Amino acid sequence: MSGPSTYNPQSGLEKWFDERLPIMRLVHDSFIDFPTPKNLNYWWTFGGILAVCLVVQIVSGIVLAMHYVPHVSMAFNSVEHIMRDVNYGWLVRYIHSNGASMFFLAVYIHMARGLYYGSYKAPREVLWGLGVIIFLLMIITAFMGYVLPWGQMSFWGATVITNLIGAVPFVGQSIVTWLWGGFSVDNATLNRFFSLHYLLPFMIFGVVILHVWALHVPGNGNPTGIDVKDVKKDTVPFHPYYTVKDGFAIVLFLMLFAGFVFFAPNVLGHTDNYIPANPLVTPAHIVPEWYLLPFYAILRSINFDLLFIDAKLGGVIAMMGSIVILFVLPWLDRSKVRSMRYRPLAKQFFILFILNFWALGYFGAKPAEGLYIVGAQVCTFIYFAYFVIVLPVLGLVEKAGELPASIATSVLGKPKDTAMGAAVPASSNEKA
């Protein structure tokens, strides 16, 4: 996609360094002169926003680790010490805690964009798979970070979720004992979670590098879902066009981020986590952070035995399956048209899927009883049906709209020579 390098060292020192370690050439070819489709909309800016969120989380996490004490008798007080006694500790802590929510908000939008515009389709299967790995690592990292303040919700959340692993046949209980470092959630557990919570963001950073690398092999997708046919007509250099566009979107996102940090820093958290952990007092309602609620609802929706699979193991399988199924999505959707902009039926089912995901989050926040369980079960069925029934069937029966001949045709609105032999109105690409 990128073609031969256009980097030209401007001095003898640059040339000498480039011959030995071509970092500047890599940066220039990947982020400056990289040919990018000229029709990318603002949904494509969330990749850059996620990079900013990751850096913010790593830097703020390192600062917090300098003052945090991973011991059950001191962890809660050390967080309060950070909030009250460390210079600007309250700011760093609120940036880190709200940064996790902003990170997941951006990644959900980024994944929804990929689903809508078919960014998982060939030849981007590996790119999509790496993105799902990043998402899975984010979930694990966030769960372990939620345990560290050692409040009531931290302790009981760790107890409930780690106990679920015990449902895995043969090896489950051994894994739980290893995670706990004993026979209950205690000091060894907190130390393990702190170590892993510190390590995993750097693993995420490594996978992000692979993700960007995989992106630069086939190049960016675009709203039309068609491949670049003429680099000169269909693309523009990444800099300055998209650096400015992404920079503007990042500033707007940081304003939203700052709004939570300075005006509503605790609105996304749970009040019970400001109570020190007490193994003898169970909270009335144990819930994870908002960004994990849909998967929590899927977990709790399986409250019945199925053949030799008991309810507990069934819930774990359903929850893990809801993420694993994303890996095989490129092979489930058989439509030859990538973008749902030209797939009217797929677009309607996609909107239903998004609403269903919101509903799962709602049911995940409610008690596991009565109609809330029934609602979660219905939404869980719809979630899996979208991937294993709707997308495969639509790929066979849906008649897609007519595609433009090229990205330039779509952008400039030329009404002739469409890919399927008919004219496309100039406004057709603005509908999505």
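The values are calculated or read from the model by the stated rules, or taken from the named source; none is laboratory data. These figures come from a predicted structure and were not determined experimentally. We place every Cβ from the backbone using ideal geometry, glycine too, and count neighbours over all the protein chains shown.
A few comments on the model shown:
- Look at the stretch 394-408: where a residue is within 13 Å of residue 338 (Cα to Cα) and a partner is acidic (Asp, Glu), sitting 6+ places away or on another chain with Cβ atoms under 6 Å, you get 395/333.
- Matching residues in the stretch 133-180 - criterion: being in contact with a strand residue (DSSP E or B) (Cβ under 8 Å, 6 or more places away or on another chain) and of a type in the set (Phe, Trp, Tyr): 150
- Check on residue 269, surrounded by fewer than 18 Cβ atoms within 10 Å (Cβ to Cβ) and assigned by TED's automatic domain parsing to the domain that holds residue 103: no
- For the stretch 1-120, the helices (runs of 4 or more DSSP H) that sit wholly inside it and include 2 or more residues that are touching a residue at least 60 places away in the same chain (Cβ under 8 Å) and more than 14 Å from the chain's Cα centre (by Cα) are 23-31, 46-65, 75-84, 89-116.
- For the stretch 169-209, the tally of residues that are closer than 14 Å to residue 138 by Cβ and either in contact (Cβ under 8 Å) with a residue 12 or more places away in the chain or outside the structural domain of residue 65 (by TED's automatic domain parsing) (or both) stands at 10.
- Residues within the stretch 283-332 that are among the acidic types (Asp, Glu) and buried (at least 19 other Cβ atoms within 10 Å of the Cβ), tallied: 1
- Among (1) more than 19 Å from residue 328 (Cα to Cα); (2) over 14 Å from the mean Cα position of the chain (by Cα); (3) of a type in the set (Val, Ile, Thr), the one test that residue 126 misses: (1)
- Residue match in the stretch 311-333 (condition: closer than 25 Å to residue 43 by Cα and among the charged types (D, E, K, R)): yes
- Residue check for residue 336: touching a helix residue (DSSP H, G or I) at 6+ places or on another chain (Cβ under 6 Å), surrounded by fewer than 18 Cβ atoms within 10 Å (Cβ to Cβ) and either modelled with pLDDT of 95 or more or not aromatic (Phe, Trp, Tyr) (or both): no
- For the stretch 194-212, taking the residues that are within 21 Å of the chain's Cα centre (by Cα) and of a type in the set (Phe, Trp, Tyr), the one that is surrounded by the most Cβ atoms within 10 Å (Cβ to Cβ) is identified as 198.
- Qualifying residue in the stretch 6-16 (condition: closer than 30 Å to residue 131 by Cα and outside the structural domain of residue 185 (by TED's automatic domain parsing)): yes
Residue by residue, here is whether (1) in a helix (DSSP H, G or I); (2) aliphatic (A, V, I, L, M) holds:
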position: 252; (1), (2): yes, yes
position: 268; (1), (2): no, yes
position: 281; (1), (2): no, yes
position: 284; (1), (2): no, yes
position: 287; (1), (2): no, yes
position: 292; (1), (2): yes, yes
position: 295; (1), (2): yes, no
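So that you can scan it fast, the table gives a plain yes or no per residue for (1) in contact with a helix residue (DSSP H, G or I) (Cβ under 6 Å, 6 or more places away or on another chain); (2) under 24 Å from residue 142 (Cα atoms); (3) not basic (Lys, Arg):
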{"position": "5", "(1), (2), (3)": "yes, no, yes"}
{"position": "11", "(1), (2), (3)": "no, no, yes"}
{"position": "22", "(1), (2), (3)": "no, no, yes"}
{"position": "40", "(1), (2), (3)": "no, no, yes"}
{"position": "69", "(1), (2), (3)": "yes, yes, yes"}
{"position": "73", "(1), (2), (3)": "no, yes, yes"}
{"position": "78", "(1), (2), (3)": "no, yes, yes"}
{"position": "89", "(1), (2), (3)": "yes, yes, yes"}
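- Of residues in the stretch 3-36 being exposed (fewer than 15 other Cβ atoms within 10 Å of the Cβ) and of a type in the set (Gly, Ala, Ser), the one nearest to residue 231 (Cα to Cα): 3
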